[in-house]
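Before any comments, here is the structure.
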Amino acid sequence: MSATETARPAATRAEYCVVACAEAWRGAGEILASPMGTVPAVGARLAKLTFSPDLLLTDGEALLMADVPALGQRPGAVEGWLPFRQHLALTATGRRHVMMGASQIDRYGNQNISCVGDWARPTRQLLGVRGAPVNTLNNPTSYWIPKHSARVFVERVDMVSGVGYDRAAAAGPSATRYHRVTEVVTDLGVFDFETPDRTMRLRSLHPGVTVGQVAEATGFALTVPDEVPCTREPTEAELRLIREVVDPKGLREREVPA
(Lines give C-alpha, C1' and ligand atoms only; values in the text may rest on other atoms or scores of the structure.)
Protein backbone atom coordinates (compact mmCIF):
# COMPACT_ATOMS: atom_id res chain seq x y z
CA MET A 1 0.00 0.00 0.00
CA SER A 2 1.43 3.40 -0.98
CA ALA A 3 1.77 6.34 1.38
CA THR A 4 -1.20 8.04 -0.29
CA GLU A 5 -3.55 5.08 0.15
CA THR A 6 -5.75 4.66 3.19
CA ALA A 7 -6.22 1.27 4.79
CA ARG A 8 -9.72 -0.10 4.39
CA PRO A 9 -11.56 -0.41 7.74
CA ALA A 10 -11.62 -3.91 9.20
CA ALA A 11 -14.50 -6.18 8.27
CA THR A 12 -17.58 -5.88 10.47
CA ARG A 13 -19.58 -8.78 11.91
CA ALA A 14 -22.19 -8.19 9.21
CA GLU A 15 -19.55 -8.52 6.50
CA TYR A 16 -18.31 -11.81 7.92
CA CYS A 17 -21.93 -12.97 7.78
CA VAL A 18 -22.20 -11.83 4.15
CA VAL A 19 -19.16 -13.87 3.16
CA ALA A 20 -20.44 -16.90 5.10
CA CYS A 21 -23.74 -16.67 3.23
CA ALA A 22 -21.97 -16.24 -0.11
CA GLU A 23 -20.01 -19.44 0.53
CA ALA A 24 -23.30 -21.38 0.48
CA TRP A 25 -23.40 -20.80 -3.29
CA ARG A 26 -19.73 -21.53 -4.01
CA GLY A 27 -19.45 -23.82 -7.01
CA ALA A 28 -23.23 -24.04 -7.36
CA GLY A 29 -23.20 -23.64 -11.13
CA GLU A 30 -26.14 -22.41 -13.17
CA ILE A 31 -28.91 -22.57 -10.58
CA LEU A 32 -31.28 -20.01 -9.13
CA ALA A 33 -30.12 -18.42 -5.88
CA SER A 34 -33.06 -17.47 -3.65
CA PRO A 35 -31.77 -15.44 -0.70
CA MET A 36 -34.25 -14.28 1.92
CA GLY A 37 -33.01 -11.40 4.04
CA THR A 38 -30.62 -8.51 3.51
CA VAL A 39 -27.37 -10.27 4.38
CA PRO A 40 -28.14 -13.35 2.22
CA ALA A 41 -29.10 -11.04 -0.67
CA VAL A 42 -25.74 -9.27 -0.41
CA GLY A 43 -24.05 -12.66 -0.12
CA ALA A 44 -25.69 -14.09 -3.25
CA ARG A 45 -24.71 -11.04 -5.28
CA LEU A 46 -21.17 -11.20 -3.95
CA ALA A 47 -20.98 -14.88 -4.93
CA LYS A 48 -22.09 -14.09 -8.48
CA LEU A 49 -19.54 -11.30 -8.79
CA THR A 50 -16.69 -13.52 -7.57
CA PHE A 51 -16.55 -17.30 -7.37
CA SER A 52 -19.99 -18.32 -8.73
CA PRO A 53 -20.52 -16.25 -11.89
CA ASP A 54 -23.13 -18.65 -13.34
CA LEU A 55 -25.64 -18.07 -10.52
CA LEU A 56 -29.06 -16.85 -11.60
CA LEU A 57 -30.50 -13.95 -9.61
CA THR A 58 -33.93 -12.37 -9.80
CA ASP A 59 -35.07 -8.85 -9.04
CA GLY A 60 -37.35 -10.30 -6.34
CA GLU A 61 -40.32 -10.36 -8.69
CA ALA A 62 -40.23 -12.02 -12.12
CA LEU A 63 -37.09 -10.85 -13.91
CA LEU A 64 -33.78 -12.68 -14.19
CA MET A 65 -31.06 -10.06 -13.90
CA ALA A 66 -28.19 -10.00 -16.38
CA ASP A 67 -26.14 -7.70 -14.17
CA VAL A 68 -25.67 -7.26 -10.41
CA PRO A 69 -27.19 -3.97 -9.28
CA ALA A 70 -26.91 -2.55 -5.77
CA LEU A 71 -29.60 -3.55 -3.31
CA GLY A 72 -32.79 -1.64 -4.02
CA GLN A 73 -31.81 -0.74 -7.58
CA ARG A 74 -33.43 -2.03 -10.76
CA PRO A 75 -31.25 -4.20 -13.02
CA GLY A 76 -29.57 -2.46 -15.92
CA ALA A 77 -30.10 -5.50 -18.11
CA VAL A 78 -32.53 -8.42 -18.04
CA GLU A 79 -31.78 -11.90 -19.38
CA GLY A 80 -35.04 -13.68 -18.77
CA TRP A 81 -38.53 -13.79 -17.36
CA LEU A 82 -39.35 -16.06 -14.42
CA PRO A 83 -43.05 -15.88 -13.57
CA PHE A 84 -44.34 -17.66 -10.49
CA ARG A 85 -45.36 -20.86 -12.28
CA GLN A 86 -41.86 -21.28 -13.73
CA HIS A 87 -40.33 -20.51 -10.35
CA LEU A 88 -42.39 -23.38 -8.92
CA ALA A 89 -41.11 -25.68 -11.67
CA LEU A 90 -37.55 -24.80 -10.70
CA THR A 91 -38.36 -25.52 -7.06
CA ALA A 92 -39.73 -28.94 -7.96
CA THR A 93 -36.73 -29.91 -10.09
CA GLY A 94 -33.99 -28.89 -7.69
CA ARG A 95 -32.27 -26.24 -9.82
CA ARG A 96 -32.36 -23.77 -6.96
CA HIS A 97 -30.63 -23.11 -3.64
CA VAL A 98 -32.77 -21.20 -1.18
CA MET A 99 -31.54 -19.53 1.99
CA MET A 100 -34.57 -19.13 4.24
CA GLY A 101 -35.10 -17.70 7.69
CA ALA A 102 -36.32 -19.63 10.72
CA SER A 103 -38.43 -18.64 13.70
CA GLN A 104 -37.36 -21.95 15.25
CA ILE A 105 -34.81 -24.59 14.25
CA ASP A 106 -33.79 -27.78 16.01
CA ARG A 107 -30.70 -30.00 16.11
CA TYR A 108 -31.75 -31.94 12.99
CA GLY A 109 -32.50 -28.85 10.93
CA ASN A 110 -36.29 -28.93 11.20
CA GLN A 111 -37.47 -25.36 10.69
CA ASN A 112 -40.62 -23.58 11.86
CA ILE A 113 -42.01 -20.43 10.26
CA SER A 114 -45.68 -21.24 10.89
CA CYS A 115 -46.69 -20.79 14.52
CA VAL A 116 -45.40 -20.72 18.09
CA GLY A 117 -47.08 -22.91 20.68
CA ASP A 118 -49.42 -25.84 20.29
CA TRP A 119 -50.64 -26.15 16.70
CA ALA A 120 -54.27 -26.45 17.81
CA ARG A 121 -54.05 -23.20 19.78
CA PRO A 122 -50.84 -21.30 18.97
CA THR A 123 -49.72 -18.29 20.97
CA ARG A 124 -48.24 -16.67 17.84
CA GLN A 125 -49.26 -16.96 14.20
CA LEU A 126 -46.31 -16.58 11.81
CA LEU A 127 -45.94 -16.73 8.02
CA GLY A 128 -47.33 -20.21 7.59
CA VAL A 129 -45.60 -23.23 6.08
CA ARG A 130 -45.33 -21.53 2.67
CA GLY A 131 -42.98 -23.43 0.32
CA ALA A 132 -40.66 -24.75 3.03
CA PRO A 133 -41.50 -28.48 2.68
CA VAL A 134 -40.98 -28.45 -1.09
CA ASN A 135 -37.83 -26.34 -0.75
CA THR A 136 -36.21 -28.71 1.71
CA LEU A 137 -37.16 -31.93 -0.08
CA ASN A 138 -36.24 -30.78 -3.59
CA ASN A 139 -33.53 -28.09 -3.31
CA PRO A 140 -30.35 -27.54 -1.35
CA THR A 141 -31.51 -25.35 1.53
CA SER A 142 -29.60 -23.13 3.95
CA TYR A 143 -30.80 -20.89 6.76
CA TRP A 144 -29.95 -17.35 7.81
CA ILE A 145 -30.73 -16.36 11.41
CA PRO A 146 -29.60 -12.80 12.21
CA LYS A 147 -30.09 -13.12 15.98
CA HIS A 148 -28.90 -16.42 17.42
CA SER A 149 -30.83 -17.23 20.60
CA ALA A 150 -32.27 -20.14 22.56
CA ARG A 151 -35.75 -18.95 21.49
CA VAL A 152 -34.83 -19.83 17.91
CA PHE A 153 -32.48 -22.78 18.44
CA VAL A 154 -34.87 -25.09 20.27
CA GLU A 155 -34.91 -28.73 21.36
CA ARG A 156 -38.07 -29.36 19.34
CA VAL A 157 -39.82 -27.04 16.90
CA ASP A 158 -43.48 -26.36 17.60
CA MET A 159 -44.38 -27.18 13.99
CA VAL A 160 -42.28 -28.54 11.15
CA SER A 161 -42.25 -26.28 8.09
CA GLY A 162 -38.85 -27.05 6.58
CA VAL A 163 -37.95 -30.74 6.86
CA GLY A 164 -34.87 -31.76 8.86
CA TYR A 165 -32.68 -34.83 8.56
CA ASP A 166 -34.54 -37.00 11.08
CA ARG A 167 -37.95 -36.44 9.53
CA ALA A 168 -36.67 -36.90 6.01
CA ALA A 169 -35.09 -40.22 7.03
CA ALA A 170 -38.31 -41.35 8.70
CA ALA A 171 -40.27 -40.57 5.52
CA GLY A 172 -38.02 -42.79 3.44
CA PRO A 173 -36.06 -42.64 0.16
CA SER A 174 -38.54 -40.42 -1.65
CA ALA A 175 -37.88 -37.72 0.95
CA THR A 176 -34.13 -38.19 1.34
CA ARG A 177 -33.24 -38.45 -2.36
CA TYR A 178 -32.74 -34.70 -2.88
CA HIS A 179 -32.93 -33.49 0.71
CA ARG A 180 -29.91 -31.45 1.77
CA VAL A 181 -29.70 -28.79 4.48
CA THR A 182 -26.25 -27.40 3.80
CA GLU A 183 -25.61 -24.83 6.49
CA VAL A 184 -27.02 -22.39 9.01
CA VAL A 185 -25.45 -18.94 9.23
CA THR A 186 -26.11 -16.71 12.25
CA ASP A 187 -24.64 -13.58 13.77
CA LEU A 188 -22.45 -15.85 15.94
CA GLY A 189 -21.10 -18.43 13.52
CA VAL A 190 -21.69 -21.05 10.84
CA PHE A 191 -23.23 -24.47 11.48
CA ASP A 192 -23.74 -27.62 9.43
CA PHE A 193 -24.96 -31.21 9.81
CA GLU A 194 -21.79 -33.09 8.87
CA THR A 195 -22.06 -35.54 11.78
CA PRO A 196 -22.81 -39.30 11.84
CA ASP A 197 -26.34 -38.74 13.17
CA ARG A 198 -26.93 -35.59 11.09
CA THR A 199 -27.28 -33.30 14.07
CA MET A 200 -26.06 -29.72 14.08
CA ARG A 201 -22.35 -29.02 14.34
CA LEU A 202 -20.53 -25.77 15.01
CA ARG A 203 -18.37 -25.26 11.91
CA SER A 204 -16.87 -21.83 12.52
CA LEU A 205 -17.06 -18.86 14.87
CA HIS A 206 -17.18 -15.23 13.82
CA PRO A 207 -14.33 -13.16 15.28
CA GLY A 208 -14.90 -12.21 18.91
CA VAL A 209 -17.41 -15.01 19.55
CA THR A 210 -16.65 -17.88 21.94
CA VAL A 211 -17.92 -21.44 22.05
CA GLY A 212 -19.46 -20.62 25.43
CA GLN A 213 -21.51 -17.79 23.95
CA VAL A 214 -22.85 -20.07 21.24
CA ALA A 215 -23.70 -22.83 23.72
CA GLU A 216 -25.54 -20.38 25.98
CA ALA A 217 -27.60 -19.10 23.05
CA THR A 218 -28.55 -22.60 21.83
CA GLY A 219 -31.37 -24.64 23.36
CA PHE A 220 -29.79 -28.02 22.63
CA ALA A 221 -26.35 -29.62 22.73
CA LEU A 222 -24.30 -28.88 19.62
CA THR A 223 -21.52 -31.04 18.27
CA VAL A 224 -18.39 -28.95 18.87
CA PRO A 225 -15.03 -30.01 17.39
CA ASP A 226 -11.91 -29.84 19.53
CA GLU A 227 -10.73 -26.87 17.48
CA VAL A 228 -13.25 -24.50 15.92
CA PRO A 229 -11.85 -22.22 13.20
CA CYS A 230 -12.81 -18.62 12.60
CA THR A 231 -15.20 -17.82 9.79
CA ARG A 232 -13.33 -16.89 6.63
CA GLU A 233 -12.31 -13.24 6.51
CA PRO A 234 -13.52 -11.18 3.54
CA THR A 235 -10.78 -10.33 1.07
CA GLU A 236 -9.97 -6.74 0.15
CA ALA A 237 -11.69 -7.25 -3.20
CA GLU A 238 -14.79 -8.68 -1.51
CA LEU A 239 -14.97 -5.79 0.95
CA ARG A 240 -14.81 -3.32 -1.93
CA LEU A 241 -17.64 -5.10 -3.74
CA ILE A 242 -19.78 -5.30 -0.60
CA ARG A 243 -19.27 -1.67 0.39
CA GLU A 244 -19.12 0.08 -2.98
CA VAL A 245 -21.05 -2.08 -5.46
CA VAL A 246 -23.63 -4.33 -3.80
CA ASP A 247 -24.61 -2.52 -0.58
CA PRO A 248 -23.29 1.06 -0.64
CA LYS A 249 -26.07 2.15 1.75
CA GLY A 250 -24.84 -0.27 4.43
CA LEU A 251 -28.18 -2.04 4.86
CA ARG A 252 -26.32 -5.15 6.07
CA GLU A 253 -25.28 -3.29 9.24
CA ARG A 254 -28.93 -2.79 10.19
CA GLU A 255 -29.54 -6.53 10.12
CA VAL A 256 -26.38 -7.34 12.08
CA PRO A 257 -25.45 -4.23 14.09
CA ALA A 258 -21.79 -3.81 15.01
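The values are calculated or read from the model by the stated rules, or taken from the named source; none is laboratory data. Predicted model, so just to flag it, every value in this text is computed and none were measured. Cβ sites come from the backbone with ideal geometry, for glycine too, and all protein chains shown count toward neighbours. Please note that ligands, DNA and RNA were not included when accessible areas were found on the heavy atoms of the full protein model with its side chains. Shrake-Rupley method; radii C 1.70, N 1.55, O 1.52, S 1.80 Å.
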Note: probe point = Cα of ARG95 + 7 Å toward Cβ; backbone nitrogen < 16 Å; residues of the stretch 51-70 passing the test are 54-58, 63-65
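Counting other Cβ atoms within 10 Å, which GluC sites (Glu not before Pro) in the stretch 160-258 have at most 10 and lie in a DSSP loop? Present the calculation step by step, with values, prior to reporting the outcome.
Details: sites: GLU183, GLU194, GLU216, GLU227, GLU236, GLU238, GLU244, GLU253, GLU255; in loops: GLU194, GLU227.
Here the sparse-neighbourhood loop sites are GLU227.
Under the Kirkwood approximation for Rh and a Cα-based Rg, what ratio Rg/Rh is obtained for the stretch 17-99? Don't skip to the end; give the middle numbers.
Values: Rg = 11.7 Å, Rh = 12.6 Å.
Looking at the stretch 17-99, the ratio lands at 0.93.
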Per the rule of 0.36 nm per residue minus the C-alpha distance, extending ALA237 to GLN86 adds in nm 50.9 nm
Sorted by accessible surface (1.4 Å probe, heavy atoms of the protein chains only), largest first, CYS230, CYS17 come out as CYS230, CYS17
Accessible-area order for ASP158, ASP197, largest to smallest, probe 1.4 angstrom, reads ASP197, ASP158
Magnitude of the Cβ-charge dipole (Lys and Arg +1, Asp and Glu -1) of the chain about the Cα centre, nearest 20 debye, reported as 660 debye
Along the stretch 227-234, Karplus-curve 3J(HN,Hα) (6.51, -1.76, 1.60; θ = phi - 60°) to the nearest Hz, with x for Gly and Pro, reads 10, 9, x, 7, 4, 4, 7, x
Residue separation between CYS230 and ARG177 times 0.36 nm, minus their alpha-carbon distance, gives in nm 15.9 nm
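Quick one: length gained pulling ASP118 to ALA66 fully straight, 0.36 nm per residue minus the C-alpha distance?
On the way: separation 52, 0.36 × 52 = 18.72 nm, distance 4.52 nm.
Here the segment from ASP118 to ALA66 would lengthen by 14.2 nm.
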Candidates ILE242, ILE105, ILE31; GNM for the chain (alpha-carbon contacts under 10 Å) flags as most fluctuating ILE31
In debye to the nearest 20, the charge dipole size for the stretch 166-242, taken about the Cα centre with +1 at each Lys and Arg Cβ and -1 at each Asp and Glu Cβ, equals 400 debye
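Using a simple charge model, +1 on the beta-carbon of Lys and Arg, -1 on the beta-carbon of Asp and Glu, nothing else, what dipole does the stretch 83-196 show about its Cα centre, in debye to the nearest 20?
Values: 13 positive and 9 negative charges, 90 e Å.
So the magnitude is around 440 debye.
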Taking trypsin sites (Lys or Arg not before Pro) in a DSSP loop with at most 16 other Cβ atoms within 10 angstrom as exposed, one finds the longest site-free stretch of the chain at 27-94
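Report the semi-axes of the equivalent ellipsoid for the chain in whole Å, largest first, where each axis is √(5λ) for an eigenvalue λ of the Cα gyration tensor. Mind showing how you got there, number by number?
Values: eigenvalues 169, 117, 53 Å².
Those come to 29, 24, 16 Å.
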